[in-house]
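Below is one structure, written out as structure tokens; the observations come after it.
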Amino acid sequence: AEALMTTQTITNLQPGVKIGGQWDDRFSPLQRLIVIRCIRPDLITDAIRAYVTNTQSSKYLAPPILDVGETLAAQKPNPQVPLFFILSTGADPMVTVRSLAEQHG
């Protein structure tokens, strides 16, 4: 019987790329994701992104854009209540915060 996965297949495994043979015929996209998680955990982040893009939409991978002005208007902040920003890598709200500070004095 033909081996489902060989060492070379596992080494060359890439998220979202069809391998061919039994791998593509035998497993659903979710099952392939589970197998990748088991044998190549280093690829799971890329595999999840490829799975979401292929089965849902890439819009679910994009972070939401926060409108700081709208948020502040809805919360009615004051000097006694701090405003916290939880940032992701590369996010810098300072330009927006300074602009809002100038607008509101």
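Quick look at the numbers
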read-out: Failed condition for residue 13, given (1) modelled with pLDDT of 85 or more; (2) in contact with a Lys or Arg (Cβ under 7 Å, 6 or more places away or on another chain); value: (1)
read-out: Failed criterion for residue 76 (all others in (1) exposed (fewer than 10 other Cβ atoms within 10 Å of the Cβ); (2) closer than 30 Å to residue 104 by Cα; (3) at pLDDT 75 or above hold); value: (3)
read-out: Matching residues, the stretch 27-68, being charged (D, E, K, R), over 30 Å from residue 93 (Cβ atoms) and open to solvent by less than 100 Å² (accessible area, probe 1.4 Å); value: 32, 40
read-out: Every residue from the stretch 52-105 that is among the small types (Gly, Ala, Ser), more than 23 Å from the chain's Cα centre (by Cα) and in a loop (DSSP other than H, G, I, E, B); value: 105
read-out: Subset of the stretch 47-105 [farther than 25 Å from residue 36 by Cα and touching a Gly at 6+ places or on another chain (Cβ under 9 Å)]; value: 96, 99, 100, 103
read-out: Residue list for the stretch 26-51, restricted to those being of a type outside the set (A, V, I, L, M) and part of a helix (DSSP H, G or I); value: 26, 29, 31, 32, 37, 38, 41, 42, 45, 46, 49, 51
read-out: Test: residue in the stretch 70-80 that is without any contact (Cβ under 8 Å) to a residue 12 or more places away in the chain, farther than 30 Å from residue 99 by Cα and among the acidic types (Asp, Glu); value: no
read-out: Condition met for residue 66 (farther than 21 Å from residue 12 by Cβ and at pLDDT below 75); value: yes
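The values are calculated or read from the model by the stated rules, or taken from the named source; none is laboratory data. These numbers were taken from a predicted model, which means no experiment stands behind them. Neighbour counts run over all protein chains shown; Cβ positions are idealised from the backbone, glycine included. All accessible areas refer to the heavy atoms of the entire protein, side chains included, with ligands and DNA or RNA removed. Shrake-Rupley method; radii C 1.70, N 1.55, O 1.52, S 1.80 Å.
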